[in-house]
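Dropping a structure here in structure tokens format, bear with me for questions.
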Amino acid sequence: MEQKAIKHKTGFWYVVKSLLSGLGLTWKHFKNARNRRTPEYVSDENYFKQPDGMATLKYPYEAIPVPDNGRYRLHNEIDDCIVCDLCAKVCPVNCITIESVKATEDIGTTSDGTKKRLYAPVFDIDMAKCCYCGLCTTVCPTDCITMTPVYDFSEVDIKNMVYHFTDLSPEQAEEKKLLLAKQQEEMAAAKAAALAARKQG
Amino acid sequence: MLAFLLTLGALLGVVIVLAYAERKVAAFMQDRMGPTEAGPQGSLQAVADVLKLLQKEDIVPAAADKKLFKLAPILIFAAVFAGFAVIPFTPALVPAGIGIGVFYLLAIVSLDVVGLLMAGWGSNNKYAMLGAMRSVAQIVSYEIPAGLAILSAVMVCQSLDFQEISYQQGALMNQFPGLEYEMNWLFGIEALGINTTTIGGITTWNIFRAPILLVAFVIYFIASLAESNRAPFDIPEAESELVAGFHVEYSGFRFAVLFLAEYSMMVLVCLVAVVLFLGSWNTPLPNIGPVALAYWTSGTAGEVSSIGWGIFWLLSKTFVLLFLQLQLRWTYPRLRVDQLMHLCWKVLTPIALAVVLIAGIWRLLMI
């Protein structure tokens with residue numbers, strides 16, 4: 001291929017023209033600063049077509065909406081939780097801590113009809129440890145643990161990053177434990193009585 | 001004393017507005033929003049900055065030359081502020097109406113250079129030293145084309161008195177003692193036969209009285225950018241190379257004074273450009289037959305109306321030039337030091353010399 005010498009434009013008027021066009025460019029941006037980028041949803045067709053105006057988003061006051069499948073802060077709907085411990089087991093970073101207490105009476109069903117048999121005196125998720133993999137949400141049999149679109153939840157004290165989802169107060173939890181212990185004692189006593197009765201008979 | 005306090009107060013006000021405008025204009029030109037939090041639309045940001053600076057610790061480096069270091073900001077600001085003494089604000093109001101105002105201004109503003117060198121040397125810091133050297137080299141060089149451009153205006157006006165130069169550029173000319181029988185002709189050429197003495201307005205501004213002064217104005221404006229260390233001639237404080245140039249070691253109140261001096265210098269050079277070339281406090285609106293726009297927008301000399309109109313026109317023209325300075329800063333890249341000197345000595349100075357010659361010939365045509 002034949003090479004051509006690149007001719008650089010020079011000369012007084014060319015320089016003046018280019019200086020003025022530079023001023024024109026900044027003036028155009030200054031003039032368009034009346035317009036603002038709108039916080040469109042990502043699927044909006046104008047999302048990438050906002051070349052004019054200020055690009056700044058005043059974040060705490062306004063934000064671009066999060067996509068529907070955004071995976072941020074975990075939430076556990078404790079009323080639907082059967083305290084099966086699957087999420088705690090599958091969690092790769094062990095950020096979920098669950099303690100369970102067997103219920104002594106009938107405590108109802110979850111919204112999808114599964115029978116609940118356990119109380120959860122402790123159901124803590126440490127969001128400071130969470131790696132947002134979403135495994136807990138996939139293993140959950142009742143779909144009670146979900147990822148919400150909330151992403152701005154930083155805290156001054158790291159202890160506040162631990163979210164407590166239990167619906168029992170410590171006193172209630174203690175009461176349930178006592179009830180269980182009492183029931184088990186009664187059952188053991190009944191068993192012993194039955195055993196003794198069998199031996200006698 | 002009253003003039004001193006009034007000028008200082010007005011200057012502080014203008015500088016606060018300018019510092020805020022600088023941030024907003026810069027932001028808008030870069031598609032940002034600038035300050036938004038302090039006050040409505042961030043308008044108190046500059047005030048907040050000043051308050052913050054005043055609270056800061058006053059640090060004097062252990063190895064600095066303490067006397068020079070402490071004296072430099074005061075000298076720099078005093079030199080710039082003294083320049084405001086001769087600027088006429090209205091037909092009747094000028095802090096110090098001396099007959100050799102132009103000469104005084106050029107001389108006193110040059111003292112700035114000494115202050116810069118003191119600050120750079122006294123800091124005992126390589127960046128400050130380099131910044132000061134560059135600054136001094138640049139200011140001393142650019143004073144030549146600026147001085148020649150001012151000289152051509154002075155030659156056309158035949159006066160070193162800023163107030164007399166101001167009166168010549170408007171419909172009120174004949175009210176100035178000594179100019180009662182002077183005439184203004186269109187483009188300054190009597191042979192054209194169009195008398196603009198009573199038309200006034202933009203037709204009697206210096207850039208129209210002698211159109212060659214338009215070239216002088218452009219030269220002066222470019223040189224004034226360099227004298228106030230503004231982009232694209234900001235190598236003395238090039239952030240990316242020298243941190244902040246000569247004021248890198250300054251903090252707290254001393255830094256605030258340097259900052260104030262820098263912005264005052266911008267305001268001063270723009271004021272001088274307006275007074276010498278763009279009609280000073282005169283209105284841009286001409287008298288057209290019975291529609292005496294120039295008289296209506298000038299007020300009567302010596303009364304409140306003339307003070308209001310005079311300050312309004314002077315400040316609005318100054319702010320247009322200041323806006324241009326800001327826009328230039330955010331449009332053009334910084335010149336290299338050799339390009340800077342090339343522009344000064346090989347381009348502006350020869351053109352300015354030619355302009356002085358032509359201005360002299362023009363003056364002969366004007367009589």
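The values are calculated or read from the model by the stated rules, or taken from the named source; none is laboratory data. The shown structure was predicted, so the numbers you read here are calculated from the model rather than taken from an experiment. Here the Cβ positions follow ideal geometry from the backbone for every residue, glycine too, while neighbour counts run over all protein chains shown.
Does B:S152 satisfy the condition of being among the small types (G, A, S), assigned to a helix (DSSP H, G or I) and surrounded by fewer than 20 Cβ atoms within 10 Å (Cβ to Cβ)? Give the steps one after another, and end with the answer.
On the way: among the small types (G, A, S): yes; assigned to a helix (DSSP H, G or I): yes; surrounded by fewer than 20 Cβ atoms within 10 Å (Cβ to Cβ): no.
It is false that B:S152 is among the small types (G, A, S), assigned to a helix (DSSP H, G or I) and surrounded by fewer than 20 Cβ atoms within 10 Å (Cβ to Cβ).
Kindly indicate which of B:I199, B:I194, B:I219 is over 18 Å from B:K317 (Cβ atoms) and under 23 Å from the mean Cα position of the chain (by Cα).
Values: B:I199 fails: under 23 Å from the mean Cα position of the chain (by Cα); B:I194 fails: under 23 Å from the mean Cα position of the chain (by Cα).
Just a single option satisfies the conditions, and that option is B:I219.
Check B:Q327 against each of (1) at pLDDT 90 or above; (2) buried (at least 19 other Cβ atoms within 10 Å of the Cβ) and name the one condition it does not meet.
Here B:Q327 meets the rest and fails (2).
Can you report the number of residues in segment B:1-35 which are without any contact (Cβ under 8 Å) to a residue 40 or more places away in the chain, within 19 Å of the chain's Cα centre (by Cα) and within 30 Å of A:N35 (Cα to Cα)?
Qualifying residue count, segment B:1-35: 4.
Please give the helices (runs of 4 or more DSSP H) falling wholly within segment B:265-358 in which 1 or more residues are within 14 Å of another protein chain (Cβ to nearest Cβ) and farther than 20 Å from B:F208 by Cα. Even if it seems obvious, please write down each step before you answer.
Values: elements: B:293-296, B:304-331, B:337-341.
Here the list reads B:304-331, B:337-341.
Then there's this: Please find, within segment A:1-58, the residue that is nearest to the other protein chains (Cβ to nearest Cβ) out of those that are in contact with a helix residue (DSSP H, G or I) (Cβ under 6 Å, 6 or more places away or on another chain) and part of a loop (DSSP other than H, G, I, E, B).
Taking segment A:1-58 first, the residues in contact with a helix residue (DSSP H, G or I) (Cβ under 6 Å, 6 or more places away or on another chain) are A:22-23, A:26, A:29-30, A:33, A:52-54.
Right, trim to part of a loop (DSSP other than H, G, I, E, B) and you get A:52-53.
Details: A:D52: 9, A:G53: 7 Å.
Going through the qualifying residues, I end up with A:G53.
Check B:D49 against each of (1) in a helix (DSSP H, G or I); (2) surrounded by 16 or more Cβ atoms within 10 Å (Cβ to Cβ); (3) at positive phi and name the one condition it does not meet.
Condition not satisfied by B:D49: (3).
Any residue at all in segment B:38-50 that is among the acidic types (D, E) and either in contact with a Cys (Cβ under 8 Å, 6 or more places away or on another chain) or within 14 Å of chain A (Cβ to nearest Cβ) (or both)? Break it down into steps so the answer makes sense when it comes.
Here is the first cut: in segment B:38-50, the residues among the acidic types (D, E) are B:49.
Of the ones still in play, those that are also either in contact with a Cys (Cβ under 8 Å, 6 or more places away or on another chain) or within 14 Å of chain A (Cβ to nearest Cβ) (or both) are none.
Within segment B:38-50 (the criterion being among the acidic types (D, E) and either in contact with a Cys (Cβ under 8 Å, 6 or more places away or on another chain) or within 14 Å of chain A (Cβ to nearest Cβ) (or both)), the answer is no, since none of the residues qualifies.
Residues to consider are B:G83, B:G34; find the one that is within 14 Å of chain A (Cβ to nearest Cβ) and surrounded by 17 or more Cβ atoms within 10 Å (Cβ to Cβ). Can you show your working first?
Details: B:G83 fails: within 14 Å of chain A (Cβ to nearest Cβ).
Sole residue among the options that is within 14 Å of chain A (Cβ to nearest Cβ) and surrounded by 17 or more Cβ atoms within 10 Å (Cβ to Cβ): B:G34.
Okay, residues lined up against (1) in contact with a strand residue (DSSP E or B) (Cβ under 8 Å, 6 or more places away or on another chain); (2) surrounded by 13 or more Cβ atoms within 10 Å (Cβ to Cβ); (3) at pLDDT 85 or above:
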| residue | (1), (2), (3) |
| --- | --- |
| A:A5 | no, no, no |
| A:H8 | no, no, no |
| A:G11 | no, no, no |
| A:Y14 | no, no, yes |
| A:S18 | no, no, yes |
| A:S21 | no, no, yes |
| A:K28 | no, no, yes |
| A:R36 | yes, yes, no |
| A:V42 | no, no, no |
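Separate question: Which one of these is among the hydroxyl-bearing types (S, T, Y) and touching a residue at least 12 places away in the same chain (Cβ under 8 Å): B:T300, B:T349? Don't jump to the end; show me each part of the working.
Values: B:T300 fails: touching a residue at least 12 places away in the same chain (Cβ under 8 Å).
Answer to the selection: B:T349.
Let me ask another. What is the number of the single condition among (1) within 14 Å of chain A (Cβ to nearest Cβ); (2) loosely packed, with under 14 Cβ neighbours inside 10 Å; (3) within 27 Å of B:V113 (Cβ to Cβ) that B:E22 does not meet?
B:E22 satisfies every listed condition except (2).
Then there's this: Any idea which of (1) farther than 30 Å from B:R134 by Cβ; (2) among the polar types (S, T, N, Q); (3) in contact with a helix residue (DSSP H, G or I) (Cβ under 7 Å, 6 or more places away or on another chain) is the one B:S224 doesn't satisfy?
(1) is the only condition that B:S224 fails.
May I pose another question? Please go through (1) aromatic (F, W, Y); (2) surrounded by fewer than 18 Cβ atoms within 10 Å (Cβ to Cβ); (3) more than 16 Å from the chain's Cα centre (by Cα) for B:W121 and return the number of the only condition it doesn't satisfy.
Among (1) aromatic (F, W, Y); (2) surrounded by fewer than 18 Cβ atoms within 10 Å (Cβ to Cβ); (3) more than 16 Å from the chain's Cα centre (by Cα), the lone unmet condition for B:W121 is (2).
Please verify whether A:P65 is within 27 Å of the chain's Cα centre (by Cα), more than 30 Å from B:F323 (Cβ to Cβ), surrounded by fewer than 15 Cβ atoms within 10 Å (Cβ to Cβ) and within 14 Å of chain B (Cβ to nearest Cβ), treating the condition exactly as stated. Working first, answer last.
Numbers: within 27 Å of the chain's Cα centre (by Cα): yes; more than 30 Å from B:F323 (Cβ to Cβ): yes; surrounded by fewer than 15 Cβ atoms within 10 Å (Cβ to Cβ): yes; within 14 Å of chain B (Cβ to nearest Cβ): no.
In short, no.
Okay, moving on. In the list A:D157, A:D106, A:D143, A:D124, which residue meets the criterion of being acidic (D, E), surrounded by fewer than 17 Cβ atoms within 10 Å (Cβ to Cβ) and in contact with a strand residue (DSSP E or B) (Cβ under 9 Å, 6 or more places away or on another chain)?
Numbers: A:D157 fails: in contact with a strand residue (DSSP E or B) (Cβ under 9 Å, 6 or more places away or on another chain); A:D143 fails: in contact with a strand residue (DSSP E or B) (Cβ under 9 Å, 6 or more places away or on another chain); A:D124 fails: surrounded by fewer than 17 Cβ atoms within 10 Å (Cβ to Cβ).
Among A:D157, A:D106, A:D143, A:D124, only A:D106 is acidic (D, E), surrounded by fewer than 17 Cβ atoms within 10 Å (Cβ to Cβ) and in contact with a strand residue (DSSP E or B) (Cβ under 9 Å, 6 or more places away or on another chain).
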